[in-house]
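These notes concern the structure reproduced below.
The values are calculated or read from the model by the stated rules, or taken from the named source; none is laboratory data. Owing to the predicted nature of the structure, the values given are computational and were not obtained by experimental measurement. Note that we place each Cβ from the backbone using ideal geometry, even for glycine, and neighbour counts take in every protein chain shown. Surface accessibility is based on the protein's heavy atoms, side chains included, excluding ligands, DNA and RNA. Shrake-Rupley method; radii C 1.70, N 1.55, O 1.52, S 1.80 Å.
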Amino acid sequence: MDKYETHPYDVIVIGAGGAGLRAAIEAKSQGASVGLICKSLLGKAHTVMAEGGIAAAMANIDPSDDWKTHCADTLRGGVYVNNWRMAQLHAQEAPERVRELEQWGALFDRTADGRILQRAFGGHKYRRLVHVGDRTGLELIRTLQERTVQLGVDVYMECTVTNLFKEDGRFAGALAYWRESGRLMIFQAKAAVIATGGSGKAYKITSNSWEYAGNGHAMVYDIGAELMDMEFVQFHPTGMVWPPGVRGLLVTESVRGDGGLLKNNKGERFMFKHIPERYKGQISDTEAEAEKWLTEIREARPITARKPPELLPRDIVARAIYNEVKEGRGSEHDGVYLDISHMPAEYVKRKLPSMYMQFKELADVDITKQAMEIGPTMHYMMGGIRVNADSQATNVPGLYAAGECAAGLHGANRLGGNSLSDLIVFGRRAGLYAAEYGKKTPEAKIPDAAVDRAEKELFAPFDRKSGPSPYEVHRELQEVMTTYVGIFRSESDLNTGIQKLQQLREKAKTISVEGNRQYNPGWHLAKDLDTMITVSEVIARGALLRKESRGGHARTDFPKMEDAFSKVNFVAVKDGDKPKVEPKPLPEWSDEIKKLMAEEKK
């Protein structure tokens, strides 16, 4: 062990997006020694892609809003398989976390009388999203990053963690390498917060950047932690479809929240055909009422009309777009049209500056005059690491998780804006409880044999004289996941997908890379493929067992929701070389939540 660069901490935080930064801030504030490890540069996180806002029931615009309505919206949007306690904590604590960001220097858009401005978003009953134009995620990261540096948290940039270790049944530390030099390092830590985001790079069309390879999911799964509801994958309805080089790039939901209309190639607002029964009381069913809502938004008047159907939750809109294209009513490049050109140009440029520049520079489209072409893109994983609702602790002592890589809050489908509030609410909680654990727990010894084995596996691609390239295997993985485990699924497709994933796992063991350890992207990808294939198989096996359609999981052979599946989560654990996935009962709603949801249905 002496041959490695070694860093001892009470708490390490793996991942430096919004959840990781907030966890590191909290752990440091509690007096723990903290190391923050990021795969990329500090500030380069997927959180900045969350453009629309932070969902928090501050009631600045709609006085009737409160935590109960936000909680009910989250449970309804998640199609009732959320962890109710997480939904409650999230709704109750989000406003205070937003005010905290403001105290730390975040600059939000304001109302005329100086309060924080809030906007409408899909699935939210009231105008609830605190925002900074369409750059909210960037402002959140900037604020948290400055706070982290101010507190003196040790930051390790361009550093990839490859393995976690246990001793005597509890977390003991991690193996990592510097991406620039390939040199190995050991983090001797008493507690860890996993905040590594999702696994979007396993799909061909995705809004996720290269860091999203399921590293956290796979590492905790390897040492016995549980993964939950991995079949719930969110395909955001509005990603760019043209030009090919930017296919999948996110088009913020703010476009629809600020008045954007979805139309097919016949000019029809097709979303009126796709309003589910559970939303009929909240959504306009005529263009006249939807237009009234738009007028009230445009003129900043109190809202009296119901929201247009373009603001239904993402899973519903994504499937509607998919069907329009499949049935021949799509746009020139297999998408549909998102049109906000009917709003004043000054309004569009002020509300959506990033979208205006994105389409102008990347697609030569002026969105104040022309419609955008958009289509579904893999965006987010609702499933993830199973955690305790209050503490974010996993079933492995000393191991915590927060943000997209943790499961429970969003159920089967995440509402827009709930991701940023998730990060700051549960990032704080994970940091708090990890610090408490780390300060009172003695250091555990990392087993030498486990480190030796991990090192040998990590360098194995250099030892092979021939074999497939990691890029070839990655393309095949993306093809398999997009074709067989995509937006619509069936038993035969899922069985084929699982079979192909198992073949890819064997093929990945023969990958060969050239060159040496110094900044070698092929070698980095070879390691990421291990984690992406693992996570992909868990997704596919969960999808096979959930014989219904719910939220982000749509089965062509089981198109309806089934009561039996509304009472369970699917939990996966490592069982030899395969995941073992089983249904586990959902936590029963408290009496307060039962009463709340009964009142919401009236």
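Brief remarks follow.
- For Cys159, the residues whose modelled amide H falls within less than 5 Å of its own, excluding neighbours fewer than 5 places apart on the same chain, are Cys38, Lys39, Ser40, Arg179.
- Net +/- balance of residues flanking Ile511 in space, Cβ distance below 9 Å, scoring K and R +1, D and E -1: +2
- Under a 5 Å amide H cut-off, with hydrogens placed 1.01 Å from N, Thr206 pairs with Met378 among residues at least 5 apart or on other chains.
- When you count the other C-beta atoms within 10 angstrom of each residue and take the mean per peptide, 89-96, 354-361 line up highest first as 89-96, 354-361.
- Highest to lowest packing among 256-262, 231-237, scored as the average C-beta count within 10 Å: 231-237, 256-262
- For the chain, relative contact order (Cα pairs under 8 Å, six or more residues apart, normalised by length) works out to 21 percent.
- For the stretch 107-122, 3J(HN,Hα) per residue [Karplus equation, 6.51 cos²θ - 1.76 cosθ + 1.60, θ = phi - 60°, Hz, x = Gly/Pro]: 10, 9, 4, 10, 7, 4, 9, x, 7, 5, 6, 10, 10, 7, 8, x
- For Arg489, the residues 5 or more places off, or on other chains, whose built amide H falls under 5 Å of its own are Ala554, Arg555, Thr556.
- Rounded accessible area per residue of the chain, 1.4 Å, Å²: 37 Å²
- Those GluC sites (Glu not before Pro) in the stretch 489-552 that DSSP places in a loop and that have at most 12 other beta carbons within 10 Å: Glu514
- Listed peptides 459-468, 173-182, 191-200 by packing density, highest first (mean Cβ within 10 Å): 191-200, 173-182, 459-468
- Cross-link partners of Lys465 among aspartates and glutamates (Cα-Cα below 12 Å; sequence separation of 8 or more within a chain): Glu514
- Summed side-chain charge close to Tyr126 - residues other than Tyr126 whose Cβ falls under 11 Å, Lys, Arg +1, Asp, Glu -1: +1
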